[in-house]
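What follows is a single structure, written as structure tokens, with notes after it.
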Amino acid sequence: MGEVIGRLARSPQASGYLLLASLLINLLGLMTSLYVILVLNRYVSYGVVATLVSLTVGVVIIIAAEHGFRRLRLRLAEEIIGTADEGLSIGVYGLLLTARVDALERRPPGERAELLRGIERAEQALGPTNLAALADVPFSLLFLVALLLLSPPLAGVAVSFCLASVALAWWTQRRLTQPVQALSGLGERLNGLIGATLFAPDTIRQFRGAGLLMAQWQAISGAARAARATIALRQHDGASFAQGMQSLLGVAVIATGATLVVAGQLDIGALIGANLIAARALAPLTRLVQMAEALKNAGQSLSDARRFAQTAGEPEGGRLLPGWSRRLEVRGVGLTVPGTTTPLFSSLDLVLEPGGVLVITGRNGTGKSSLLRLLAGLIEPARGQVLVDGVDLRQLSLEWWRRQVSYLPQEPTFIDGTVRENLAAARPDATEADLIRCLNFVGLRAWIDGHPQGLDQELRDAGRPLAPGLRRRLAMARAMLVDGPLFLLDEPSEGLDRDGAEAVYTLLIDLARCGKTLVVVSHDPAILRGARLLLRFDGREPTLHTLAATAKAAAAEATPS
């Protein structure tokens, strides 16, 4: 209910009109109950047809007016909700697009995916229809007051049942808290398992992973099924108790009222009318009980989304260095595994002069790719600085910096869209001739020309359906299109055939001759031989060497990862 009250408080004027409309709706509803009393006491007793006609015409007008006010109330509820949920949904998705990568990586992918789905469920639970229905809850008091004027003993019966319904709503919500939270966590784990299954079909089949994944699926889905069963049972109990409460109220009112009729303190018309009024008093509270679980879930989902909204985004603004000399310095940098305190390395120092060529090699998992991501501005160091002409990279405009960096990641991925859209996003001012030139450099011109849609062919699922070599070549074309003075290339020849590898070697030579600064992660002996500096990740801390002293040994020791 906190979310409902919060939404009403954010739009006080519209909320006031909503409550006024609800008051009129309930007053008109009360009139329909009084119609029964008047018909039984006036027409049935005296048989005057004109009385019946007048009362019936009047109640039909009242019912029509009640319908009109309900439509008005629904529009007011829509106004109160406005675009708040849409704004939150867009904001969360926007944050997924712009938050710092290292901050995102502290959260499991399944948790991130669940955020948006949770907002969608909250929009349904807290939608205009439910908000309008909840506006009836305060006006249960109106029917109780009418019942008090009609018969204090029957009002006492109705009040006791209303209080019991409020207690039932609280009890139902409390019983749902733990299983709902458990189901949310299990949903995140199932999302992660589904992702792992969809993205690694070859690995699962070749390395007999089906049994392991099936065991995990059965365990997690079984636990989720049990949690859903618990939730369903407790929801059923709550709804059943609420329905039983409604029936018991009718029994209690009729039984108590019958004794009053026999005692001459109440007539039959008033008894039947009192039963209708008591039912109208209890109905909003019964609806509240039925909505308890959905409201609880909605509040939890929106709370999770708002907490996620506190995730640090990439800084906007920052300095520009239009006269950057292309000198890069790494001073005392330490990196940790995302989400942990485990250091990849604790103190790295190196200076890369303009036009320098640095090749990084060494064992897997030692931080080579993380260092490239650091230089690209995607993650921040745990300690130390990356200096660009003496200026800390964290002080620079990331938008400007990324125009200076041509980056080939270790696992190239793409935006869902066309080849043209992917390349144009990397460099919006590029012409089609620029796109074709870069594709030609990496040997993809024939692939583009041979496809019916050419540059407009679709890339789906982040480009994963493409062959690894093809995906790497396309990512290389994207990096070349950016054409920054700094090239960060992670295993550029990995997965390529001989012709593709030769094209990469030629490209690296051309880039070096053009004065580009190159930082290349590679185990390829041919690339190692072209390095001017060699950074080896073989021990606790990386070591920097000049190739003149170590090239022959490095090339001999290097093996593909």
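The values are calculated or read from the model by the stated rules, or taken from the named source; none is laboratory data. Just so you know, these numbers come straight off a predicted model, no measurement behind them. FYI the Cβ positions are ideal-geometry reconstructions off the backbone, even for glycines, and counts take in every protein chain you see.
Values for this structure:
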{"item": "Enumeration of residues in the stretch 518-533 that are surrounded by fewer than 16 Cβ atoms within 10 Å (Cβ to Cβ) and under 24 Å from Arg327 (Cα atoms)", "result": "Arg529"}
{"item": "Boolean, Gln265 is within 30 Å of Val405 (Cβ to Cβ) and in a loop (DSSP other than H, G, I, E, B)", "result": "no"}
{"item": "Residue among Leu149, Leu154, Leu176 that alone is free of Cβ contacts under 8 Å to residues at least 60 places away in the same chain, over 12 Å from Asn26 (Cα atoms) and hydrophobic (A, V, I, L, M, F, W, C)", "result": "Leu149"}
{"item": "Hits in the stretch 456-482 - residues which are touching a Lys or Arg at 6+ places or on another chain (Cβ under 7 Å) and at pLDDT 90 or above", "result": "Asp456, Leu481, Val482"}
{"item": "Selected residue (criterion: nearest to Gly185 (Cα to Cα)) from residues of the stretch 226-235 that are over 23 Å from the mean Cα position of the chain (by Cα) and of a type outside the set (A, V, I, L, M)", "result": "Thr230"}
{"item": "Given (1) buried (at least 20 other Cβ atoms within 10 Å of the Cβ); (2) modelled with pLDDT of 85 or more; (3) not hydroxyl-bearing (Ser, Thr, Tyr), number of the condition Leu163 does not satisfy", "result": "(1)"}
{"item": "Qualifying residue in the stretch 380-392 (condition: touching a helix residue (DSSP H, G or I) at 6+ places or on another chain (Cβ under 9 Å) and at pLDDT below 90)", "result": "yes"}
{"item": "Any chance Arg208 is charged (D, E, K, R) and closer than 27 Å to Ala467 by Cβ", "result": "yes"}
{"item": "Number of the exception - Tyr407 against (1) crowded, with 18+ Cβ neighbours inside 10 Å; (2) hydroxyl-bearing (Ser, Thr, Tyr); (3) farther than 30 Å from Asp456 by Cβ", "result": "(3)"}
{"item": "Which listed residue is among the hydrophobic types (A, V, I, L, M, F, W, C) and within 28 Å of the chain's Cα centre (by Cα), from Val419, Val357, Val388, Val405", "result": "Val419"}
{"item": "Yes/no for Arg42 being more than 42 Å from the chain's Cα centre (by Cα), touching a residue at least 12 places away in the same chain (Cβ under 8 Å) and either surrounded by fewer than 16 Cβ atoms within 10 Å (Cβ to Cβ) or part of a helix (DSSP H, G or I) (or both)", "result": "yes"}
{"item": "Set Gly515, Gly500: member being over 20 Å from Pro354 (Cα atoms) and either crowded, with 19+ Cβ neighbours inside 10 Å or over 32 Å from the mean Cα position of the chain (by Cα) (or both)", "result": "Gly500"}
{"item": "Some residue of the stretch 334-342 being buried (at least 21 other Cβ atoms within 10 Å of the Cβ) and modelled with pLDDT of 90 or more", "result": "no"}
{"item": "Count of the stretch 381-397 residues which are in contact (Cβ under 8 Å) with a residue 60 or more places away in the chain and surrounded by 20 or more Cβ atoms within 10 Å (Cβ to Cβ)", "result": "2"}
{"item": "Filter pass, Gly367 being in contact with a Lys or Arg (Cβ under 7 Å, 6 or more places away or on another chain), small (Gly, Ala, Ser) and surrounded by 16 or more Cβ atoms within 10 Å (Cβ to Cβ)", "result": "no"}
